[in-house]
Amino acid sequence: VSDQKPLGCWSVKHGQIITCPVVCNFETGEYIAVHDDKVLRIWKNKDVNLDKVFKATLSADVYRIHSLPHGGPVVLFKGGGVRTLDVLLEAPQQEIENVISDEVIKWSEAFTEGQQPVLIFATEKDGDFFVYVQKLKMNSLHKYKLEQHELSKPLSFTAHIKNQVVTLLCLYSNDSVYKVLIPLHQNTEEEEQILSKSLLLNLSVSGSVLKGTSLVVLDKDHIAVLGSLALSGEESKECLTIWNTKFQTLQTSKELPLGTSGQLWCYEEKFFFTHGKVLTVIMYKCETSSLAAAVGKLKDSQTSDVSSFVNWNTLGDEELVVSFQSQQSVALKSESKMTLRSKRNAVAKVQPDTLSVGQLLLNLKDASTTVFEDELRQLVSKAQMPDFQATIGCVVTALINRCKTNPKYYPRNFLLQIVQTRDLSYSLCPDLMAVALEKKDVHLLQTCLQRFPDIPEEITYTCLKVFLSISEAYLQRIDVNLESVICYIDIEFNNKEVKTEIVENGFNAELEQDIWNTKITKETHLMADGEFCPVGPQKAALLNAVLHSAYSETFLLPHLKNLPAQQAVLFLRYLYYLYVKCSEKINTTLPGIRSPTINQIMDWMCLLLDAHFTVMVMLPEAKQLLSNLHKFVRAQVRFYSELNKIEGSLRELQRLNHQKDSQTYSIEVLELI
């Protein structure tokens, strides 16, 4: 989420509707979806087209699929029937019993208790609410009726299980939260029991009432409620609130002015909710409940003005802010041992050491350049300090802000050293690459492209445009990392003629020309036809860094269409050169460190042609290039087609090769049929 990049996207056909949330099967790594109520689809990341993935049409409408980490997916049907996915796939058309009559399911959740999957769902009929508890392995189902409440009804449910007891929390329309206890062990055969409820919390603060729409349980003493807070004499405002149920107090709240969908999710100490058009992810940390913390009187000199749950506010000074790309994301307390970069970013703002770093950077704001850099170098050298990565992000941001205020100041070597030796990301220092582009610091840009996992497509495109526009003479005077090109590039800058003798994965230019009855007038090829690299080694190394950068085709393509035609042709020539080079190798892999892969080359070639095909066709200088590319690809398709015909024989040869004794000399004659 912090990288703001879609990892996968799948669509159903026009007219089809996905009718329940898609889930992931933790055991197999597959996605499971239901469209049009009855059609089940199962696929993996590598699948592209949903029409070609596994499909099963069921006999009854599905309400929800729940995925358990160790129990496999569980399917709940609208009639109240429950099946595990494995049992369902054995006979998709099996009859599903109708457990509930004329009742509508309002909420459901699945849990694992004692290695046994348990499904709980709530239904409504004519104003009455019922709760069902289904234990799948024992095939037992218990039905309960919720005690009625005058003039109010349940709006939202949540539950958790501990010590074989289900604690069901119900958010009612009278702005209160009630608790219901349901024991899992039931010996009675009574068809329907009445569940009594007890008041857990009134959602009111100083006369103001929270009209809740969704709630989640954080721990035994805290819940989070999403809703609208109606202040006296003012318009109600949507907000996220955290309540202490033990002491009946509002722990903290955050106004959400852009509005929400009314839904709140909680997973692994993170909130998920929509704010305007943005998915917001907020991390939190539950502290031990105490009366002092509940009333906001907890004395702690190191964490003054910081909520025991959440620090909603980022640091005041612009150069100290370390945030996600999403403007709505905020930092919260969490555990110290974190590996996810997005977590480390967020934690930075509330830890005492980071706050002291922020104060230090504020004190250095007006210091001389020498003192400023010396202090920052000392700060960077403290490798064992907590939240070190986020601290480095603060240091880089401080350097960049000084560059903005003083155009003559640019600590190139210091910045390069930090990027090369520290685990940074674009979201930690978003202005770094913008300043490097302004200064045309191609070495720093190359390093960022190689090391940052979350560079926006617009920045990637801008780097590509800058690299293609810089002259070869200028690049020869500056330092560029050539590790990715030095092992394969043909450094030759004259029109030296070389005979075409190499057969590249079955491709020979002379044979290909003969096939199409085109008379060969020369047996030589110049640099322009792909024999030599069309760019110098420095520019090739920079372009390789672009090829390695992660991107989403949807976001990159609109920018790529703005690439000038001459630069697009030059880039395509280089990609064609790499394609030919890869094809010379049996394993289609270029030697060297961080060399482009055949998939990266092909993907960028397709992207470039998609963005500029009309222009390429019209440009006279691109005509020969497109012709050569077409012939080369056609020859490779023909070659691999021939290989496919003898695939069975090749496998048999491989099998026989494994069986024979390598110490015995023999001559074998094998006939390929």
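The values are calculated or read from the model by the stated rules, or taken from the named source; none is laboratory data. Computed from a predicted model, the values in this text were never measured in an experiment. Quick reminder, even Gly has a Cβ in these numbers, built from the backbone with ideal geometry, and neighbours come from all protein chains shown. Accessible surface areas use protein heavy atoms only, side chains included; no ligands, DNA or RNA. Shrake-Rupley method; radii C 1.70, N 1.55, O 1.52, S 1.80 Å.
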Distance in nm between Ile646 and Asn139 label points, each 7 Å along Cα→Cβ, equals 5.8
Once Asp51 and Gln420 are pulled to full extension, the length gained, defined as 0.36 nm per residue separation minus their Cα-Cα distance, is 128.4 nm
The long-range amide H neighbours of Leu264, using H built 1.01 Å from N in the peptide plane and a cut-off of under 5 Å, are none
Note: Leu482 to Leu89 extended length (0.36 nm per residue) minus current alpha-carbon separation gives 136.1 nm
Subtracting the Cα-Cα distance of Thr28 and Gln654 from 0.36 nm times their residue separation yields 222.3 nm
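Which of the three applies to the range 537-633, rounded, prolate or oblate, going by the alpha-carbon gyration tensor with a ≥ b ≥ c and a/c under 1.5 meaning rounded? Don't jump to the answer; show the numbers that get you there.
Numbers: a/c = 1.77, a/b = 1.24, b/c = 1.43.
Taking the square roots of the gyration eigenvalues as a ≥ b ≥ c, the range 537-633 is oblate.
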Karplus ³J(HN,Hα) for the range 7-21 (6.51 cos²θ - 1.76 cosθ + 1.60, θ = phi - 60°; Hz, whole; x = Gly/Pro) runs 8, x, 8, 9, 10, 8, 5, 4, x, 7, 10, 6, 9, 8, x
Taking protein heavy atoms only, a 1.4 Å probe, and rounding to whole percent, the accessible area of the range 537-633 owed to carbon and sulfur comes out at 59
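What does the charge count near Pro117 come to, summing +1 for each Lys or Arg and -1 for each Asp or Glu among other residues with Cβ under 10 Å from its Cβ? Kindly include the intermediate steps, with their values, before the conclusion.
Working: positive: Lys135, Lys137; negative: Glu113.
For residues surrounding Pro117, the net value is +1.
For the ranges 8-21, 563-576, what's the packing order if you count other beta-carbon atoms within 10 Å of each residue, average per peptide, and put the highest first?
Values: 8-21: 11.7, 563-576: 19.4.
So the peptides 8-21, 563-576, ranked by packing, come out 563-576, 8-21.
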Two pseudo-spin positions, 7 Å from Cα along C-beta at Trp265 and at Tyr409, lie apart in nanometres by 4.4
Ser198 and Glu97 label points (each 7 Å along its Cα→Cβ direction) are spaced in nm at 3.4
